[in-house]
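The values are calculated or read from the model by the stated rules, or taken from the named source; none is laboratory data. Everything numeric here is computed off the predicted structure, so don't read it as measured data. All Cβ positions, glycine included, derive from the backbone under ideal geometry; neighbour counts span all protein chains shown.
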Amino acid sequence: MSDAIVAEKLTRRFGSFVAVDEVSFVVPRGSVFGLLGANGAGKSTTIRMLCGLLAPSGGRARVAGFDVASEAESIKRSIGYMSQKFSLYEDLTVRENIEFYSGLYGIPKNRVHRESDRVLALTGLGERSRELAKELPGGYRQRLALGCALLHRPQLLFLDEPTAGVDPLARRIFWDIIYDLTAAGATVLVTTHYLDEAEYCSTVSLMRDGRMVAAGTPGELKAAHHPGLLLEIECGEPDRAMKALGGIQAVEAAALFGSRLHVTLVPGARAEIVGAALAAAGLAQARVQAIRPSLEDVFIRVVSEKQGGVER
Ligand SMILES: Nc1ncnc2c1ncn2[C@@H]1O[C@H](COP(=O)(O)OP(=O)(O)OP(=O)(O)O)[C@@H](O)[C@H]1O
Ligand SMILES: [Mg+2]
């Protein structure tokens, strides 16, 4: 079976500014591909090119078997797209919004009711079908927007920050729907700023300044970007601890995580050296323990990496 998305050196310039810079990746059918990156990294621009909404300035991509540059119309018919700033009709009910989008997607009139019922059931919005969109809580709005993108039964979905600003329980419900869709064979490309969500993805890729700087399963990313020991340090003065560790060769990087400090050691270095350095700086009471890196550690490390080293 062919891959759902194949991008090769996909590039987009706006004037002299390069928003997406030779990005290459493959998304196998049935998988969830997570696109991560700081604001302005180029995620939405990448998605808009893949959806056939924005012409690439260079490189190429095939989506659902179609070429993004020459077969954009076929792509639009084959995919579902939930844009970062999707619009619902506030003065229409949930069902009316769905029926309106059915028209946009060209669903034949005799199938609109059936498809609307299917989407209402899938997104768990059946009981709210008569409520006005403007009265829906955030999590339900996102599910309605997703439902509208599913009316024409696309097998490939592009979701651009679908859970932004939504509470944790509502995010969980949203992800359960995504899993139901992929269990039924759909492929999903999703962007998010929530790193707990990235852990649910089959593959995660990280963008920085228009470039894809890391990609792999969450496990692979952690192994590749955290070859050395990761230590968590708890003490009353994390800033002082940071300074105390700054000059030590065995410390590759240090970052503040709230009131704690996460310290990456160079491969082979042992935790004791950190304890000794903290004691020498008068921070003997600090608690040092080895922890498993999270994707947040990887993200901070990769996104703050400068050419030639890691920011301290
Ligand atoms: N139409 C445009 N004209 C000029 N610059 C643009 C245009 N669209 C996007 N950009 C720029 O391209 C860069 C990437 O934008 P993009 O929206 O793809 O980032 P993003 O990763 O989706 O960010 P966010 O997390 O904030 O949504 C930004 O610097 C943005 O200002
Ligand atoms: Mg965006």
Practice item. Hey, could you check the range 20-38 for residues that are within 13 Å of ligand 2 (Cβ to nearest atom) and buried (at least 22 other Cβ atoms within 10 Å of the Cβ) and say which is farthest from I178 (Cα to Cα)? Key: V20
Review point. Looking at this structure, is R77 without any contact (Cβ under 8 Å) to a residue 60 or more places away in the chain and either of a type outside the set (A, V, I, L, M, F, W, C) or farther than 16 Å from R143 by Cα (or both)?
Key: no
Review point. Are any residues in the range 94-111 of a type in the set (S, T, N, Q) and surrounded by fewer than 20 Cβ atoms within 10 Å (Cβ to Cβ), and if so, which ones?
Key: N110
**Study point:** Selected residue (only one of A72, A41, A7, A55 is surrounded by fewer than 16 Cβ atoms within 10 Å (Cβ to Cβ) and either among the basic types (K, R) or out of contact with any Leu (no Cβ under 6 Å at 6 or more places or on another chain) (or both))
**Key:** A55
Study note, to complete from the structure: Output for Cβ contacts, cut-off 8 Å, separation at least six or different chains, first residue in the same structural domain as Q142 (by TED's automatic domain parsing) and within 16 Å of ligand 2 (Cβ to nearest atom) in the range 81-103, second polar (S, T, N, Q) and assigned to a strand (DSSP E or B), reads Q84/T191
Practice item. Would you mention how many residues in the range 83-100 are closer than 18 Å to L157 by Cα and at pLDDT 95 or above? Key: 1
Review point. Can V26 be described as without any contact (Cβ under 8 Å) to a residue 40 or more places away in the chain and either under 26 Å from F299 (Cα atoms) or more than 13 Å from ligand 1 (Cβ to nearest atom) (or both)?
Key: yes
Study note, to complete from the structure: Filter the range 112-130 for residues that are closer than 13 Å to E96 by Cβ and out of contact with any Gly (no Cβ under 9 Å at 6 or more places or on another chain); the one that is surrounded by the fewest Cβ atoms within 10 Å (Cβ to Cβ) is R130
